[in-house]
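Q: I'd like to ask you about the structure that follows.
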Amino acid sequence: MHGGRFSKLPATWDFPASGALHCWRHWNLGNRAEGTPPLKIMEINDVKHVDRLPLQENKKQRPAQKTLCDLRFLMKFIEAKIRENGSWVDEHNYQTVTQMYTDVAEELVVRGDDMREDEGARRDGHMKWPTIVRLLCKKALLERERRRRDREYSSTYLDYIHVIFHLFLHT
């Protein structure tokens, strides 16, 4: 119990500042050494104490509720990729969780051709999980913009064809 609330987490627990594999393991297995259960069972009230932890110098802190939502987004994204790939295993232990992740790790790579040219190539093994979330969201936004432009272009093109067709019929 911290701050008058029950929590499944130790009072000093904070979100992992690590790569996606490490978070995937914590998400599914927890961490016995730290006394934490699998993070996938966490609820907003379990992480609210993180907002009251002292900050490191020159470090901004995103509200714990939003951070949990970001982590949940990435873990569900990874799980969806694993299930698409057919690698999902219901029995979770260190080896199976690691293997499931390894089977789809290449699909988590955010390449330069998926982003703007100035982004360059990214490899998830060298990025912390919040960076992967940011890049996946940015990629989705760019894809939405591309689809919108394509719809505008195709409707303009179809309008042009429609006019030409009517001109052709009426001459």
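Q: With a Förster radius of 22 Å, plug the Cβ-Cβ distance of N85 and K40 into 1/(1 + (r/R0)^6) and report the FRET value to the nearest 0.05.
A: About 0.70, to the nearest 0.05.
Q: Express in nm, to one decimal, how much length is gained between L142 and S18 on full extension, taking 0.36 nm for each residue of separation and deducting their alpha carbon distance. All intermediate terms of the calculation are to be shown ahead of the outcome.
A: Working: separation 124, 0.36 × 124 = 44.64 nm, distance 2.59 nm.
Computed gain between L142 and S18 is 42.1 nm.
Q: Amide H of N31: which non-local residues (sequence gap of 5 or more, or other chain) have their own amide H closer than 5 Å, using H built in the peptide plane?
A: Amide H neighbours of N31: T36.
Q: For the pairs K48/K76; K8/K139; K48/K139; K76/K128, note any where the Cα-Cα span goes beyond 25 Å.
A: Working: K48/K76 21 Å; K8/K139 34 Å; K48/K139 29 Å; K76/K128 17 Å.
Distance filter (> 25 Å) returns K8/K139; K48/K139.
Every read-out reported here was derived from the displayed coordinates using simple, explicitly stated rules and does not represent laboratory data. Quick caveat, the model's predicted, so the values are computed rather than measured. Please note: Cβ atoms are built from the backbone with ideal geometry, for glycine as well, and neighbour counts cover all protein chains shown.
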